[in-house]
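Trainee: The structure's right below; bear with me while I get my questions together.
Each value in this text was obtained by applying a stated rule to the coordinates, not by laboratory testing. These figures come from a predicted structure and were not determined experimentally. Quick reminder, even Gly has a Cβ in these numbers, built from the backbone with ideal geometry, and neighbours come from all protein chains shown.
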Amino acid sequence: MTALLTIAADKPVSETTILWVVGGVVLLFIGLFILIVFFSFIHLWIQSLLYGANISFLQLIRMRLGKVDYAMVVRQKIALVQAGVKVSTADLESHYQSRGNVPKVASAVIAAHKAGMDLPWKTAAAIDLAGRDVLDAVRTSVNPKVIDCPDPSKGRQFLDAVCRNGIQLRAKARVTVRTKLERLVGGATEETIIARVGEGIVKAIGSAHDHKEVLANPNMITQTVLHASLDAQTAFEIVSVDMADIEVGENIGAKLQADQAAADLRVAQAEAEKRRALAVAREQEMRALVEENRAKVVLAEAEIPLAIAEAFRHGRLGIMDYYNMRNLQSDTEMRSAIAAASQPPKANPAQDRTNG
């Protein structure tokens, strides 16, 4: 070995030899890379070939370079082919690169195909990208879902409504809905269905004349709700509305009448108090007017002696006339006193009430 190295060192190396060595090294690396790639994709390629997925090596390499989960794509493409659904590999890649859930969309399309429903891949992908659970939508379309109205998770257990006779009814319903895949994108959700059905039940109960009619025939409410087309512009179709429970609540009509009567009583008491205050004020005014008139009488009586003196000074009244007038006054006062003494005493109303 040492001799060969010595001979090689003595002989000059040509440029051709160097090129051959470099080319051999490059070819060796290329061969190793091809072997690594081949053994990395050979099982997936053979698997897709055996099951009819027809995914080529170039497609696998392209997906690998594009950071696509090529193993998942191969598995989903095989599942779709075996289910009889025609979807191109490019559609699977595109949905994956759009941040879509390829396995869930593939499962939804396969389930819809097995159930005999028309759900194209593009429609299912659009539903998934819109944020809806497309697989759950397909399951709900195949097996209708039952939702409570009102929703107990919102804190309400019953719907409160009042019949025309004033009796309150508390109702609870169960709504069976089926998903409409063609309206899943842009259609209203379950909350809209619950709100509309609840409003329809309240209106139906409110239109009933007697609460006994509702208790005897709950189907009259469900029929009214079903014929109101409450599922319009929603992602669901109402299959049925069943009354789960109906309870009799308070007599709202009687309560409102009692409240109104109490309010009327307070108004009447206020009006009576107002009239009493006016009467008291009027009484005080009349008393003041009486005292004013009495003062005028006293002033008029005070002028009588002045008039008599004036009559004396001018000779219009003699002394005998004055004494005759005084005697007449004394007789009048005596008769009034005798008359007052002969009359029985008047009863005191306040004392009579006390004695009673």
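Trainee: I want to check the label-to-label distance for N251 and H209. Put each point 7 Å from Cα in the C-beta direction and report it in nm to one decimal.
Mentor: Those two pseudo-labels are separated by 2.0 nm.
Trainee: According to the square roots a ≥ b ≥ c of the eigenvalues of the Cα gyration tensor, what is the shape class of region 17-140, taking rounded for a/c under 1.5, prolate for a/b larger than b/c otherwise, and oblate for the remainder?
Mentor: Numbers: a/c = 4.49, a/b = 2.62, b/c = 1.71.
Because a/c hits 1.5 or more and a/b exceeds b/c, region 17-140 counts as prolate.
Trainee: If all Cα-Cα distances of region 145-251 are sorted into 10 Å bins from 0 onward, what percent lands in each bin, rounded to whole numbers?
Mentor: Taking all Cα pairs of region 145-251, the binned fractions are 15, 48, 28, 8, 1 percent.
Trainee: While we're on this one: How much length is gained on full extension from D242 to R266, taking 0.36 nm per residue of separation minus their Cα-Cα distance?
Mentor: Roughly 4.0 nm would be gained on extension.
Trainee: Calculated FRET efficiency, Y51 and M117, Cβ-Cβ r, R0 35 Å, to nearest 0.05?
Mentor: Numbers: r = 24 Å, r/R0 = 0.69.
So the FRET efficiency works out to roughly 0.90.
Trainee: Further, regarding this structure: Between beta-carbons, use under 15 Å as the cut-off and find the net charge around Q59, counting Lys and Arg +1, Asp and Glu -1.
Mentor: The answer is +2.
Trainee: Give me the distance between the Cα centres of region 290-332 and region 258-284, rounded to whole Å.
Mentor: 51 Å
Trainee: Take the alpha carbon gyration tensor of region 175-333, find the square roots of its eigenvalues, order them as a ≥ b ≥ c, and report rounded if a/c is under 1.5; if not, report prolate when a/b exceeds b/c, else oblate.
Mentor: Since a/c reaches 1.5 and a/b is larger than b/c, the shape of region 175-333 is classed as prolate.
Trainee: Would you work out if region 89-194 is rounded, prolate or oblate? Take a ≥ b ≥ c from the square roots of the eigenvalues of the alpha-carbon gyration tensor; rounded if a/c is under 1.5, else prolate when a/b is larger than b/c, oblate otherwise.
Mentor: prolate
Trainee: How much net charge surrounds G198 when only other residues with a Cβ under 11 Å from its Cβ are counted (Lys, Arg +1; Asp, Glu -1)?
Mentor: Working: positive: K154, R156, K172, R196, K203; negative: D148, D151, D160, E191, E199.
The answer is 0.
Trainee: Set the Förster distance to 41 Å, then compute FRET efficiency between T17 and I61 from the Cβ-Cβ distance, nearest 0.05.
Mentor: 0.75
Trainee: Roughly speaking, what is the centre-to-centre gap between region 59-74 and region 110-152 when only Cα atoms are used, to the nearest Å?
Mentor: Cα centroid of region 59-74 versus Cα centroid of region 110-152: 28 Å apart.
Trainee: Which pairs break 27 Å Cα to Cα here: K114/K154; K122/K145; K114/K145; K180/K212; K114/K180? List each step's numbers first, then the result.
Mentor: Numbers: K114/K154 37 Å; K122/K145 25 Å; K114/K145 19 Å; K180/K212 37 Å; K114/K180 17 Å.
In this structure, K114/K154; K180/K212 exceed 27 Å between Cα atoms.
Trainee: Cα extents of the chain along the three principal axes, largest first, in whole Å?
Mentor: 194, 70, 38
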